[in-house]
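Below: one structure, written as structure tokens.
Throughout, read-outs are computed from the coordinates displayed, never taken from laboratory work. This structure is a prediction, so every number in the text was calculated from the model and none was measured. Please note: Cβ atoms are built from the backbone with ideal geometry, for glycine as well, and neighbour counts cover all protein chains shown.
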């Protein structure tokens, strides 16, 4: 199909996060556990992270075509409060721009359908007011979805090519990630981004949390496109998650191959993938529970990182899933193996794993294939305090174990902790919400454990807090606030919380 990118698109959403800095907290923190920028290696990057769909707004305007999430949020009673991201925190309108417009035309593939519903490419996006504020809080970098494709002065961009928001047209045409056609379409889309932005963007990720894309989108239907056995949208939970994951892996590898062959030598950038990783601790020290915890790790991060490191799926998955698990050809395995420069680890929480005992041999779902029971306490003692979200237990030592596990299991790759944070209730209000002491303590304890893992040999080069702003949180809508900056959704005004000031303090550079 012929596709012309219209001019209205790329001047959308940046990442302004605050027009107000009038609030001064009484105390940003007390003891900081010895944390400071100087405690980390030279060149270590501190940043914050967000995704376009969650913060941008203007979902149905400005030239953007619909994504699968635009359709999903309109299914009644799917999102808390039937919320949408049509406006969210309205970063679309929080920018100032100067542009030299370039357009792309006559692209004859799914490339530009994939090409993120986009419209125009702007050489320069000047959000000096926003950048100045981010710099004021002493952050180095911003991890954002490429659907923004902002090129930021003074802040280093870490661009993620895909964060859940598949163009709806591709899902309607051939069921998106369930079709092998998606592999070339995604690689073409990525190629377009490398060509346009690779002279300035030197840090890339292909996918954010592909496990969540496959599991939540095709196993239990909790995320778009909402497919599962018995779901209204259709689906088969015994095979579709594995097919989607397989195509995601091949899309990543094909993109990596394209970048290495065409762009990396000249552009001198790096590229990786963002993998979520809950740490799974054995419920007891029995052989069975230790094996259950290892299966959980295999079915979680190993589902992706094992083939990307070794060229094949974990043995436990091969034994349990059998013929339902797609296989890589020799050529594909060669392309997949070693297809990353660094790996992003998104780590928030930890759970106990108990062996499920006797299980039905008849396949039910990807989640059932784990053959485990989730446990959140031992003898009535929770694994950690519960944050606002039902799934988020505060377990700082889990970050240490997760990073150490990746180091020891996957040949000590270069790691970026690409998401880490906790939430407050969505109905929290000013001024109390700004006193987010629990979040400050969360960041202190998790970053302390990250530093411990680094001291023990893990090769970690960056840490990104989730998130900069309170925003639209997928199924939770606006009932959860992860931001270090409070957003008043009635007027979109921004107010830094104590946690923002805490980061400002520990990330301060010593003057020469």
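Quick check on segment 37-506: take the gyration tensor over C-alpha atoms, sort the square-rooted eigenvalues as a ≥ b ≥ c, and tell me if it's rounded (a/c under 1.5), prolate or oblate. Intermediate values should be presented prior to the final figure.
On the way: a/c = 1.33, a/b = 1.10, b/c = 1.21.
Note, shape of segment 37-506 comes out rounded.
Determine Rg/Rh for segment 381-438; Rg is computed over alpha-carbon atoms and Rh is the Kirkwood hydrodynamic estimate from the same atoms.
1.10
On full extension of the chain, what length is gained from residue 136 through residue 200, given 0.36 nm per residue of separation minus the C-alpha to C-alpha distance?
20.8 nm
Between residue 291 and residue 154, what's the calculated FRET efficiency when r is the beta-carbon distance and R0 is 56 Å? Round to 0.05.
About 0.65, to the nearest 0.05.
Would you please state the base-10 log of I(q)/I(0) at q = 0.11, 0.21, 0.25 1/Å for segment 406-512, with intensities from the Debye formula using one equal scatterer on every alpha carbon?
One equal scatterer on each Cα of segment 406-512 leads to -0.42, -1.09, -1.33.
Would you mind computing, in nm to one decimal, how far apart the modelled labels at residue 222 and residue 505 are, each placed 7 Å from Cα along Cα→Cβ?
Using points 7 Å along Cα→Cβ, the separation is 3.5 nm.
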